[in-house]
Structure formats: C-alpha cells, structure tokens
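Heads up, the thing below is written out as structure tokens.
Any read-out appearing in this document is the output of simple, stated calculations on the displayed coordinates, not a laboratory observation. Remember, predicted model here, so these are calculated numbers, not experimental data. Virtual Cβ from ideal backbone geometry, glycine too; neighbours counted across all protein chains shown.
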Amino acid sequence: MQEIENKELLNKIISLIEETREKAIRSVDFHRVQLNWHIGRYIFEDEQQGKVRAEYGKYLIKYLSRNLEPIYGSSYSTRNLYFFIQFYNSFPIVNALRSQLNWTQYRLLSRLENEDKREFYIAESLKNHWTSRKLERQINSGLYERLLLSNNKESVLAVARGEKLPSEAKEIIKDPMTLEFLGLKRESAYYEKDLESAIITHLQEFIMELGNGFSFVARQKRILLEEDEFFVDLVFYNRILQCFVIIEIKTHKITHQDVGQLQMYVNYFDRVEKLKHENDSIGILLCADKNDAMVKFSLPENNTKIGASKYQLYLPTEKQLIDELKKEIEKIDNHDSI
C-alpha cells in the first residue's frame, strides 16, 4: 500500500517537473522571438534614417555580424540578421506575436509574403498545435492554395479563425489531397487496397491532411443489405460537423457508378448509423482522376453531402499551385462574362 502511495506521489512530481520544464522552454523560446524582433526593428529603423541606400544596408549587416558572431555565435550571421529584418517587416506589432509559436515557426511564416496566407497558417497552427515540422509540411503542400481552389478566401479564413464552422462537404474537402507521406511512387502500379493500407499505416498524417476535428472510426466497414454485403473503405467522424465522413478510394478515374455507390453508403449511415442529434453524413471520393461535370450531374442540384477529391502522391510545386489558381480565376471570369 505504501509503495503504491509513494508511486502516485512520484508520478505527480514527475508530471509537475515535465510541465514546468515545458513552460520554461516555451518561455525562453518566446523571449528569443521577441529579442529577434527587436533586433530586426533596430536594424530596419537605422537603415531608414536617411541611409536607405542598398550598399549601406549590406555594409551595416556585415559590420554587425562581424562583431556579434564571435561573441554570440552563428545565430547572428549575416543570413540570420536579414531574417530578423524580414521577421520585423512581416510582424510589425510586437504585441501581436503569439507565445505558442516558436522562432522556427516564425521564420517559416515570415517567408510568406501574403498577409492572408500568414494569418491562415497562424490560426491553423494555434488551433491544431502544429509543430514546426507540421507547419512546414502544410506550407510546402500548399494547404492554403488548395483550400482556396475549393472555397473562397473569406470562408477559408473564417473557418481557420474559428469564426465559422464548416457546414458542407466542399468546406472540408481539399482538392487535391497531397499524400506524399504514404511513400507510394506515382510511377508504380498499385491497387486500392494498397493505398488504403498505406493510409492506415500513416493514419496520423492522413487525418492531419483531412483537416480539423477528424477521428478514425472504421476500415472496411461491413454493410449487409438483405443478402448482399458491401464494405466501406474508410469511415471517419468529424466532431466539428458532428457527422460521419465516408471515404471511398478509387485508383482510376471515377465513374457515375462510383458516385452512386458512395451515395448509397451515405444514405445507409444517415438512416442506420447516425443519432438524432447528429448531422447528415458526408461522402468523399478519393480518386486518381475525376470529371467534375460528371460528378455534378450524377448528384442532385442542391447536393452538399458528396464530393470528389483527386489525390497526388507528391508535393506540388509553387508553379503548379499558381497555375491552378490562374485556371480557377479564368473559369470565374469566363462565367461572369457570359
């Protein structure tokens, strides 16, 4: 009995130590963030005092680095001093800095020229407790741009800030989904079960790619309709939407039969599985290729429950994302001119 009580006390002390250490580390790192901000401000303001010439700026950075680096180390290299200035210019109000974000995250965010994009990634990082690595992955995968392709900017930012809850399939579906973490080579032939198995192996990363509020429910969920058996590939639950999210995987270009099959699964979950307080289920066709017009005309005109998302097994380049955005803008312009 005494041994158990001693162990409970030991665990309490260990938890307290770990919690305090974590707070101390966060506090030290945020002091570093603030220090770097002030250094960036001092350098920037000195350059602006009638000395805005490019050659003076280069001379000043080299002078400061030459004198600071021998004393305080490589943190004050010319490259890092330029980062401090960039950081200050990206976040000109020191009181707006968030203590939950570390210096590595602020470096990543400072590289984003678009203010809306920075605001989006800050909100998502805070809400989802992203590490630096997860933030970098989401930026590199073009999460912001991919959401804009499916929605509008105001809706994306409102959801990120927590001002608006998503209410339709299109508001939670990224198109395309980037699944480079699965380790599948795009040149290789593979079956739907291979893709499904890879998703289960990398479930945490897949849920992060899906978005906010998802939890895993089932794989190959068996549905028995009289004497016929059906198996739903993946079932998730979204606590924000309070509904089931059914995902069907297709390694080919989807057909209207695929859409009909998914519609049947969604109907089943709505009529059999969901509780009275829950909302209608959402279905996602995760496919190698898709025909948006076919999906549109295979479903009722007021459909908000079924959507298709093309997956890609590699990170998109910035040029690819820009090209996709240009295509969407051209579609809108052509539609408005009709």
Check: Among Lys174/Lys305; Lys221/Lys274; Lys127/Lys274; Lys193/Lys221; Lys174/Lys290; Lys253/Lys305, which pairs are too far apart, with a Cα-Cα distance over 18 Å?
Finding: Lys127/Lys274; Lys253/Lys305
Check: Ranked highest first by the average count of other Cβ atoms within 10 Å around their residues, in what order do 200-211, 63-74, 16-27 fall?
Finding: 200-211, 63-74, 16-27
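Beyond a 31 Å Cα-Cα separation, which of these cross-linked pairs lie in this structure: Lys12/Lys117; Lys58/Lys134; Lys134/Lys250?
Among Lys12/Lys117; Lys58/Lys134; Lys134/Lys250, the Cα-Cα distance tops 31 Å for Lys12/Lys117; Lys58/Lys134.
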Checklist line | Centre separation in Å (Cα based) which lies between segment 81-121 and segment 13-50 | finding: 13 Å
Check: Using the C-alpha atoms of segment 2-98, what convex hull volume per residue, in cubic angstrom, is computed?
Finding: 113 Å³
